[in-house]
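Below you will find the structure I want to go over with you.
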Amino acid sequence: MTINIASPMPGNARTPSCEQLRELDEEIIELLARRRALVRELPAPAGPRAVDPSFTGAVRDTVTRYGEQLGSGSELVARAILVLCDPGDRA
């Protein structure tokens, strides 16, 4: 995949390079792996998640937090992270 970054960033900031983006992706992957490991240390859910009020509240809070911080498309990102880091997923 080729990423073309044609316009410079505002102010005195450097234009990001593809290498910088790859490095940032690696940092994101590392953080998600750490989050997943922490979540897996939590007790497995006792029942179905859809009827667990604490889980549905946590999902709502996480999606809201991502939405406030990241804007458009963030709900999809938050839900993907929640699926990736589900404490019931022990595989």
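What follows is calculated from the coordinates using simple rules that are stated; it is not laboratory data. Since the model is a prediction, treat every value here as computed from it, not as a measurement. Every residue, glycine as well, gets a Cβ built from its backbone with ideal geometry; the counts of neighbours run over all protein chains shown.
What is the mean projected area of the alpha carbon convex hull for region 20-91, to one decimal in square nanometres? Before the final figure, lay out the partial values.
Details: hull surface 22.1 nm².
One quarter of the hull surface, i.e. the mean projection, equals 5.5 nm².
Okay, next question. Using a 7 Å offset from Cα along Cα-Cβ at residue 54, what residues in region 20-46 end up with backbone N under 19 Å from the label point?
36-46
Suppose R0 equals 25 Å. What FRET efficiency, 1/(1 + (r/R0)^6) with r the Cβ-Cβ distance, do residue 64 and residue 44 give to the nearest 0.05?
Values: r = 25 Å, r/R0 = 1.01.
With a Förster radius of 25 Å, E is 0.50.
Same structure, new question: When the Karplus curve 6.51 cos²θ - 1.76 cosθ + 1.60 is applied with θ = phi - 60°, which whole-Hz ³J(HN,Hα) does each residue of region 17-25 get, with x for Gly and Pro?
9, 4, 5, 4, 5, 4, 4, 5, 4
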